[in-house]
Structure formats: C-alpha cells, structure tokens
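The values are calculated or read from the model by the stated rules, or taken from the named source; none is laboratory data. Since the structure is predicted, the reported quantities are computational estimates derived from the model, not experimental observations. Neighbour counts are summed over all protein chains in view; Cβ atoms, including those assigned to glycine, are modelled from backbone coordinates with ideal geometry.
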Amino acid sequence: MTQPLVPPDRSTYVALRRRREARLRRRALPDSSWGREAVRRWSTPPSLALRAFAAEAFEQIPDPPAAGVIALTRLGFGPRPGELAAFEALGATDPQRLQIWVDEQLDPASIDDSEAEARLAAASFESLDKSLVDLWQDYVVADPPWEIRMRPYFETERATLLRGLYSRRQLFELLVDFWHNHFNVYAYEFGIGPIWVHSDRDVIRANALGNFRVMLEAVAQSPAMLRFLDNRDNSVDGPNENYGREVLELHSLGVDAYYGSIPKDQVPLDGQGKPLGYVDEDVTACARSLTGWTMRDRPWDENFGDTGEFFVYEPWHDTDEKRFLDVTIPAGGAGLPDGRAALDAIAAHPATARFIARKLCRRLVADQPPQALVDAGADAFTQHAGALDQLARVVRAIVLAPEFPTFWGQKVKRPLEIALSALRSTAADWDFSLDDEDTDSLLWRSYNAGQPLFSWPAPNGYPDIKEAWITTGPRVMNWRLTNWFSEVQDDADAFRLDLLGQTPPEVRSARALADFWVDRILGRAMPAAEQDEIVEFMAQGINPDLDLPLDTDEDVQSRLRAMIGLIFMSPCFLWK
Amino acid sequence: MCELTRRGFLVGCSAGVAAMAGARFNTVAFAQGGGGENDEILVVIFLRGGMDGLHVVMPIDGVDRGFYEAARPTLQIPVTGPGAALPLDAQFGLHPSAGPLFDLFQNGNLSIVQAMGLTEVNRSHFDAMQQVERGLQSSSGAPSGWLARHLASASNLPPEMIVPSLAVGGLQPTSLLSSLETLNLSDPGQFNINTGPWLWRHPQRTALRRLWGADSTFLHTTGLQAMDAMDIIELYVDDDYTPANGAVYPQSDFGDHLQILAQMTKLDLGLQVATLDVGGWDTHAGQGQGSGGYFASLIEDLASGLGAFYLDLDGSGSANFTSRLTVVVHSEFGRELRENSDSGTEHGYGNLMMVLSGNAIGGLHGTWPGLAPGQLVDGTDVAVTNDFRRILSEVLIRRLANPQLGLIFPGYGDYQPLGIVQGEDLPPIYGDQPLFEDGFETGDTSRWSTSVG
C-alpha cells in the first residue's frame, strides 16, 4: 500500500496560494487613485466592436534593427547600459560580432559574473547550495512551517529574477527559462517546493547547454518530475502513464508524431524502417519501461526510506517484454536498464530532433520559423547526439544561421522578458532578499502580468506564440507592472531606478531627454511618429529644444519618470 | 477547398497550406452585425485536464453499477448512506458535493449530456483541447477558435456592443484565438495603469493613446484595443458588487471570475460570448476516496459557483438574465472507467457535457453506451455516442440563431438537434462560405471607425 505524501485535500494548497497572494498584495505599494470623471464626460461610449483591423496590419512589421539589438533582445533579457557598445566593439562586421558574442555566451564559465554572484551572496539565501538530501531533511522531514518549507521555491524564484537582471550569462539564463518551460513543473506544491532548488540547479541549469539524453534522464529521475507527473507511483501492479505519455508528447517526439490509438504496426515507417511516430501502445510501453522509477519518500517503509532521492524499486518493475518505438526491451530486465533503453529510443528518434529544434527556433527566432532553420537545428541535434555540449551546438547552428538576423517583429516579448528588460535597461538596483517588500510587490505584479515563474499549471509550459500575449489582459497588466517601476523607492527612499542620476548633465531639453532614454532602453530610435510623442510628452507644450529645470524642479523629475514609463509601455519596447 | 481571404482567414485548408501561410499573423475580423437583435449570452466553461465524468454522474443501478463498482473500489460513490449519490433518475446519480447542480437539474434548468466527445480517440490533453476549441477534427488548420468564428459569422448581432466578448482569466483561451474584440481580464480592480507618477497620469494616458495610434501594425491595433478595454472597465465597472438574490459565490478563482462575469453581464454592454477556465482536473493520483477528497472539493467549487451564478442572474423583468443565458460546461476528454492504484484515473474518451440555461430542456440526454467490457472503447473508456459539436451547434442555432456551421465547425456536416435547449431550428449552412459578405470585404472601413477618445 502506498500512502501519498500529498495530503488528501489539495484545496489546502489553493488556500495557501491565495493566502500568499493576499499577503503579497497587501505589501504591494498602494496605487495612486484615478478619477473616473475624465472618461465619464464622453458622450459616445467606447466599444471593442468598432476597432478596424486592416489586412495590411498583419503584414506590417518594423525593419530589423542592428544585429546587436536583435541578439541582446532575443537571446537574452535585453541590454544593460554599455552592452550594445561592447557588442559593437567585438568585431568589424555584424556576422563576426554575432559569432564572437554567441561563442562567448555558449561558454558561460568564461564570462566574469561577479556582480550577479555578489548580489546573490548579499541576498543571503540559505537553500541554494544544499544537496537534495539536505533539502529533503531540512524542509520536508523536519516538517517546518509552510513559509520555511517552501523557502527553496521562494529562493529559486528570487535568484532566477536576480540572475536574469544581473547575470552577464544572458543566453544561458534565457535557455534555462526555455528548458524549465520545456520540462515544465508547477513547483509551488507541498512535495515539490521544498526541493525546487535541486530541479533548477542539478537538472535544468546543469544541462541547459549539455546533452539532451543526459538531461532527459536527469528530468526523469528528478523528484519534482516524479511527483508532478506521478511516475513516483508507476508500478507493475498499478501502472500510471501520466509521465510516460507526456515525456513523448511534450518532452521529445512531440504531438505531431502522435498517431493516436491505431495499432502499433500500422504506424508508417521512415526510410530506415523506423516508425515515424508513436501510438497509445507506445505510451503504455514507455510507462511500463519506467515502472519502479520512484523516490525515497516513504518513512514507514524500510525498502524506500526518506531521503528524497531517486531510486529504482525492483519489485515494482514490469519485467515483461516491452515493444517501444523501434526497439524491443526483452523480458526479465531490471528497472534501470529498461528505463534507460526507453530513454535511449526517445532521444534517438528523428522526431525528437525536429521537435526540439523547432521549439528552440520558435523561442529564439520567430513564432513560425523557416523550415531550413529547423532543419539546421535538427541536423546539429542528430550529428552531435553523443556530444556533451550537444544542445549548445544546436543553439549555435540556429542563431548563427544567416536567417537569424533577418527575422524581427514576428515575436513579442513575454511578461518575464518585459519586466527584466525594463529593469536591465535602467540599471535597476533591486534587492531580491526574502524580506524585501519591493520584491514581494514585484512578484505579485508579475503574477498578474501573466507569467509568474514555475507557476504554469499544465505540463506544457507557457505559450510561446504572440497570439497568447497580445490580448487585452496581458497588455494592460504588463503596462501596469512596468509603469510602476519608475516609482519604486527602497527603505531609504532612494528610487530603485536612478533615472535622474543616469541622465548625463548635458541632456536637459525634452528632445534630448527623449532621445537619450529611447536609445538607452531600446538600443535604437523609435519610428519618428512615435518618438515625437515621447518628445511632446516630455515637453508638455514647451519648446522641446529648450533645457528643462530637471535638477531643481520635482515636477520635471517626476515627468521624466513618467516618460520612461511611457517608453516601457510603448509598442517598440515589445518587438523582438 | 481552401479559401484565403484578405483577412488571412483560412477556411477548410489542409495543415500544409495553413503552414505555408503561417508566417502571416492570422486573425478573424469581427463581423459587426449592425441590424440584428440577438441578445443571447453564451458562456463556455472549460474544465482543463480531462474531467472524470464518471465521478460526476455515475450509474446507481442496473448492470452498469456492477461494472462501475468493480472498476472503482476506492473512488465509487455509494448509493446509500453518508455521501450517497444524488439520484438523477432510476439509473444515474450525481456526486453528492454537486448539490447546487442537483437543484438546477430538479428545476429543469440543467441538461446533462452523456458520452460526448471527439469523433476519434485522442488521449493527448493539448491536442484534444486544440481540436475542441478550434472546432476541428484536427489540431491544426484554422488559426482561430470556434467562438471567434461564431462572432465573425453571426449576422444577427445588435448594432451596439461595447464588450461583445469577454474572456475572464489571465490569458484568452483557444476557443477565442484570434478574436481581437474580446476583453480579456482577471481582475477589474487592477485593470489600469495608475501605477506611475500621480501628477502625470492623465498626460501619460493621452500620450499612450497617441503613441499606439501612430501606426497600424497588429501590435498597435491590439494595444489600442487594450486602451479601449481599460476605458470601458473604468467607465462602467464599480469596485463594489453585491450579488442579487442572496447569491454567495465560492471563495476561489472560479467564484471570483464568475462574479466578474455576472457583474459584466448585468451592465448590458452587449455581451455575446464569455469564457472561463477551471484547472486541476487531471487526476492521475489522489482523486479521492468515495465521495470525499480532492475531486469533491473541485466539484463543490464548480457546483456552488454555477449555482450562485445562476441565482445571481435569475431576477425578474429587466434583471431576468437567465432567460438569455446559456452556459456550456465541458472538458477535453473523460477518463478511464478503471481507477489506477493511486486513487486516480488515466486519460479516457467519452465524457459528459452540461448545459445550464433558462431555456434548457432539463434532464439527462445523449445515448448511454454502457460499461460492459464489450461496450468500452479499447477495453477501457466510455464510448462517444455523440460528437461534441452537436451540442455546440444546437446552442448556436437554437439560442444564438447562427446557423453558419460550415464556418464554425469546418468538416462537420450531419447536425441534428438533440433537444437540450429550446429554440427555432434554422437550417444549418455548411460548406466554405465567403466569410465577410457584409461590405467589409470591399474595404468599407467607415463602419469600423475608431471613435474612442
């Protein structure tokens, strides 16, 4: 008999989540009030039914900016001050600069990251360096109160934002986000939150530029995934096919290779005589191959113990023959080699190479990437299947292909990228420690913006196409989030974004201020019609070429902050 | 046949052709009705994860009760004693935590249709959801949701609609994919940008509107739409809302979202369709013990929410919204008859759908396929005896008076009403119809003025 560690009533988590949200909400800064009289004056009511959508609107996208802007916007969380200039100094031509930058980024250990490391140290997180066994002992076995129990989750969440904001290993951080979404786990769970450090550090970060087959096994054996998709309970007498199905559909071959419930021998074959995809029989065979892959979390059973580690419990393993994809796993095998044989077949299947390559192209280039680019990625995946840096080579093949810098505006930033790129471009000084109230506020507002970390409830990860993020909800809530940034002050009343201090003393006219900050935040000018609106806002009717009393007039200072909020809320800020 | 209109809307195309056009940003333009008068409100609630219909409505007598009890030693709902099923008829009972649904059923406002689903088995959550929400037999093809295509094809919408479509929640669901007239929000109280410097909030808003109006890309257009949405919430939606008739919503996201929907419904903003999502139904483990446990809390939330929502809208005179209201509740698939060893259930096939309406022909509907081994699909699952599109089509035709089934459900051609709601049976229109015959295709944009501001 198994006794689920998860309490029977999962609504407890819902209640706890809501309590946490309520706490974050209470600690969030109050918003300034907004009168309704302005809109109530209208005699004609607004209507969402009346907006024209000319066909041309969907053909129009902006011209691509310089390669450095594309690289730093799409292969990271946006440029920090000075980074675009540093990119330009890397070489004589755009392809040369891009190659040098990408090769450096794909070797993150070579990049000095002392600022992020110092800030991490200053945040005094206690769980990030603990082993899985120690995490399990301290936060599960010791059974501390909820806020302590979930500390590894809270600290991973904050450390991820800190690294996104301050790490110079930007492509690595972006790919960590990609792989977290690829192998998505809803982490704010009773049995997952306490060990989330392990998944982030030892499973995702350890393999984000590594080998897919190695990462696949690390995920399969991770306690978080064993719990999230129930393989922990998968046994010969009680098969559970939740993980067995999703590992095929979401993690490897992809749903395009799913042939439904037809008999296995009716799946069409490729040129090498391999089945082109999988059917429900393969799902069952996959789950059976992984029976007994479970974890030590049953203190009442000496066969299991209670260390939180993965192990194979042989009495649970299904030792009958399994016919899976193009392999036959013979009867009588042990649990570990049988499961590994299934993972070998998954990782080696051509559909896996195509699926992973397409997802990476969608993330790094365009929602609908060109087939040639997908093929280039898939070829690299297959060619380097045995390499320890296989995934770095796949990324390199995609982003150094000639197509890469020709794509622009066929994706828009998602909320995480919106928030981090705003904070990066303005050199925000943010403290992510657990007792920082501004971080609580940031997390609460990020939750409303639509993409809180590790919180997508389904196993497929946040959507990565623009259609999901251009509806009214994400738009307004992300405006709301970024407009707030310029007003946040720390306990000593210093602005987290020192916008005044970063404005050079000679930049004082409305036009100069707009030009300076648009270039700083976007790495380029806006189209003239849009940049003019920024200038006019800053000028407020005064000749835009006259110097404003920025150093002495608090209203002008707050207008500068509002102007920067306006740039964060502009359409140009969203293209990528 | 494949038709690519100048809106980039694909009708009846193969996946290959759709992929060729994929670099475009595909959308469905909104067919403003102009002269119509339809004031029906359709609410579609999607239960994400594969809701276990056999744990909501289960056999309480007959031979199927025996199969049910044998297959579900832990999960079975008893027939007598504490936690007993609420009898719907002599053969079927309702989960005891679904009391408010039982009351609606007794009052004739709830139709429960059994053994509904896709025409072919698909045990992938994401693929099945795509098929259901795009209204297709494959998960690729039309780059729009079925509700979006209903709005685009309805010829009887009223001349003035301020919020024709509402998606309550963080993101807009696939059923409204490419519907750009939809207001998507999760909390009206937060739906504004009043977080910047107080002194400049009005100039900032003026500038924002001008900034987003400076070009006409899809991004600019959706941004202006978001500003309009913000204006509408500010103009019409009060922070305080008191439900009518003493209705009490559950303390949950679902309860909060239903309450927002009720409030927006009562504002008479021309609401035509609305969507809500409820997650948490993928119960591979820990589903419960008999009548109690995790699933019981899910169904209690669902039932008490729907009960409160119906009561709140069930006024008299101009407050009688239930006479215009149809709520459809469905999921991507059902679950296996047999429970697994973890007090859970695996992905299955046939499932129930629910329709709650002041015009419901209440009762149990559909053809029950039986639970005997020979009656199960693949030996494990409740069979599907009716295409899910049959229910949606009946609601479209009898309530919304939109017979454009060929556009809304491409490839679906044999609709017959099941008799779950009252209404007139218009002859369905099949085939690939040019979608925009209302002058929009001629480029007459005068009817699409941007009159706001």
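Taking the listed residues B:D215, B:D228, B:D239, the one that is touching a residue at least 40 places away in the same chain (Cβ under 8 Å) and within 8 Å of chain A (Cβ to nearest Cβ) is B:D228, with no other qualifying. Within the range A:307-345, no residue satisfies the criterion of being closer than 19 Å to A:E246 by Cβ and of a type in the set (S, T, Y). You will find that of A:V247, A:V197, the residue that is in contact (Cβ under 8 Å) with a residue 12 or more places away in the chain, closer than 24 Å to B:R335 by Cβ and crowded, with 23+ Cβ neighbours inside 10 Å is A:V247 and no other. Out of A:D320, A:D282, one residue alone is part of a loop (DSSP other than H, G, I, E, B) and touching a residue at least 24 places away in the same chain (Cβ under 8 Å). It is A:D320. Taking the conditions (1) surrounded by fewer than 20 Cβ atoms within 10 Å (Cβ to Cβ); (2) out of contact with any Pro (no Cβ under 6 Å at 6 or more places or on another chain) in turn, B:S124 satisfies each one other than (1). Among residues of the range A:444-486 being of a type in the set (A, V, I, L, M) and more than 17 Å from the chain's Cα centre (by Cα), the one that is farthest from B:S144 (Cα to Cα) is A:L481.
Residue check: is A:V535 more than 19 Å from A:R424 (Cα to Cα), part of a helix (DSSP H, G or I) and in contact with a strand residue (DSSP E or B) (Cβ under 8 Å, 6 or more places away or on another chain)? Before the answer, list the steps.
Details: more than 19 Å from A:R424 (Cα to Cα): yes; part of a helix (DSSP H, G or I): yes; in contact with a strand residue (DSSP E or B) (Cβ under 8 Å, 6 or more places away or on another chain): no.
No, not satisfied.
Filter the range A:459-470 for residues that are out of contact with any helix residue (DSSP H, G or I) (no Cβ under 7 Å at 6 or more places or on another chain) and part of a loop (DSSP other than H, G, I, E, B); which is farthest from the other protein chains (Cβ to nearest Cβ)?
Within the range A:459-470, the subset out of contact with any helix residue (DSSP H, G or I) (no Cβ under 7 Å at 6 or more places or on another chain) is A:463, A:465-469.
Remaining after also requiring part of a loop (DSSP other than H, G, I, E, B): A:463, A:465, A:469.
Numbers: A:P463: 7, A:I465: 10, A:W469: 8 Å.
Taking the candidates together, the pick is A:I465.
The residues listed here are B:T119, B:T80; of these, the one that is more than 18 Å from B:L364 (Cβ to Cβ), out of contact with any Gly (no Cβ under 8 Å at 6 or more places or on another chain) and modelled with pLDDT of 95 or more is B:T80.
For the range B:374-382, state whether one or more residues are surrounded by 23 or more Cβ atoms within 10 Å (Cβ to Cβ) and touching a strand residue (DSSP E or B) at 6+ places or on another chain (Cβ under 9 Å). Full working, then the answer.
Going through the range B:374-382, the residues surrounded by 23 or more Cβ atoms within 10 Å (Cβ to Cβ) turn out to be B:381-382.
Within this subset, residues satisfying the condition of being touching a strand residue (DSSP E or B) at 6+ places or on another chain (Cβ under 9 Å) are B:381-382.
Checked the range B:374-382: at least one residue is surrounded by 23 or more Cβ atoms within 10 Å (Cβ to Cβ) and touching a strand residue (DSSP E or B) at 6+ places or on another chain (Cβ under 9 Å).
Scan the range A:391-431 for residues that are assigned to a loop (DSSP other than H, G, I, E, B) and of a type in the set (G, A, S) and jot them down.
Within the range A:391-431, the first condition is being assigned to a loop (DSSP other than H, G, I, E, B), and the residues that meet it are A:400-403, A:407-411, A:413-414, A:426-431.
Across the range A:391-431, the qualifying residues are A:A401, A:G409, A:A427, A:A428.
Within the range A:250-272, how many residues turn out to be small (G, A, S) and without any contact (Cβ under 8 Å) to a residue 60 or more places away in the chain? I'd like the intermediate steps shown before the answer.
Narrowing the range A:250-272 to residues small (G, A, S): A:252, A:254, A:257, A:260-261, A:271.
Narrowing further to those that are without any contact (Cβ under 8 Å) to a residue 60 or more places away in the chain: A:260-261, A:271.
Total satisfying the criteria: 3.
In the range B:98-128, the residue that is nearest to the other protein chains (Cβ to nearest Cβ) out of those that are closer than 23 Å to B:G255 by Cα and touching a Ser or Thr at 6+ places or on another chain (Cβ under 7 Å) is B:P100. Of the helices (runs of 4 or more DSSP H) lying entirely inside the range A:154-272, the ones with 3 or more residues being touching a Gly at 6+ places or on another chain (Cβ under 8 Å) and either more than 11 Å from chain B (Cβ to nearest Cβ) or within 23 Å of A:A353 (Cβ to Cβ) (or both) are found at A:170-182. Annotation note: Cβ proximity below 6 Å between a residue of the range B:198-212 that is facing chain A (nearest Cβ under 7 Å) and among the small types (G, A, S) and a residue that is surrounded by 15 or more Cβ atoms within 10 Å (Cβ to Cβ) and in a helix (DSSP H, G or I) (sequence gap 6+ or interchain) occurs for B:A207/A:E533; B:A207/A:F537; B:A207/A:L566. Remark: pairs (first residue in the range B:415-441, of a type in the set (G, A, S); second residue surrounded by 12 or more Cβ atoms within 10 Å (Cβ to Cβ) and at pLDDT 95 or above; Cβ separation under 6 Å; 6+ apart in sequence or on different chains) = B:G419/B:I361; B:G423/B:R398; B:G423/B:R399. If the condition is being facing chain B (nearest Cβ under 7 Å) and not hydroxyl-bearing (S, T, Y), then the range A:541-574 contributes A:D555, A:R559, A:R561, A:A562, A:G565, A:L566, A:M569, A:P571, A:L574. All told, A:G333 falls short of being surrounded by fewer than 17 Cβ atoms within 10 Å (Cβ to Cβ) and out of contact with any Phe, Trp or Tyr (no Cβ under 8 Å at 6 or more places or on another chain). May I ask you to list the residues in the range B:146-194 that are closer than 16 Å to B:I408 by Cβ, touching a helix residue (DSSP H, G or I) at 6+ places or on another chain (Cβ under 6 Å) and more than 10 Å from chain A (Cβ to nearest Cβ)? Result: B:W146, B:L147, B:A148, B:R149, B:H150, B:S153, B:S175.
Quickly run through the range A:324-375 and pick out the residues that are in a loop (DSSP other than H, G, I, E, B), among the small types (G, A, S) and closer than 22 Å to A:L171 by Cβ. Answer for the range A:324-375, where residues must be in a loop (DSSP other than H, G, I, E, B), among the small types (G, A, S) and closer than 22 Å to A:L171 by Cβ: just A:A366. Which one is surrounded by the most Cβ atoms within 10 Å (Cβ to Cβ) among residues in the range B:185-201 that are under 24 Å from A:S558 (Cβ atoms) and of a type in the set (S, T, N, Q)? For the range B:185-201, the residue satisfying everything is B:T195.
With respect to A:L162, determine if the residue is touching a residue at least 60 places away in the same chain (Cβ under 8 Å), out of contact with any strand residue (DSSP E or B) (no Cβ under 6 Å at 6 or more places or on another chain) and closer than 24 Å to A:C361 by Cα.
Working: touching a residue at least 60 places away in the same chain (Cβ under 8 Å): yes; out of contact with any strand residue (DSSP E or B) (no Cβ under 6 Å at 6 or more places or on another chain): yes; closer than 24 Å to A:C361 by Cα: no.
It is false that A:L162 is touching a residue at least 60 places away in the same chain (Cβ under 8 Å), out of contact with any strand residue (DSSP E or B) (no Cβ under 6 Å at 6 or more places or on another chain) and closer than 24 Å to A:C361 by Cα.
Could you say whether any residue in the range A:525-532 is over 18 Å from B:P197 (Cβ atoms), assigned to a helix (DSSP H, G or I) and either at pLDDT below 95 or polar (S, T, N, Q) (or both)? First the steps, then the outcome.
Step one: list which residues in the range A:525-532 are over 18 Å from B:P197 (Cβ atoms), which gives A:525-532.
Restricting the remaining residues to those that are assigned to a helix (DSSP H, G or I) gives A:528-532.
Then drop every residue that is not either at pLDDT below 95 or polar (S, T, N, Q) (or both), which leaves A:531.
Checking the range A:525-532: at least one residue is over 18 Å from B:P197 (Cβ atoms), assigned to a helix (DSSP H, G or I) and either at pLDDT below 95 or polar (S, T, N, Q) (or both).
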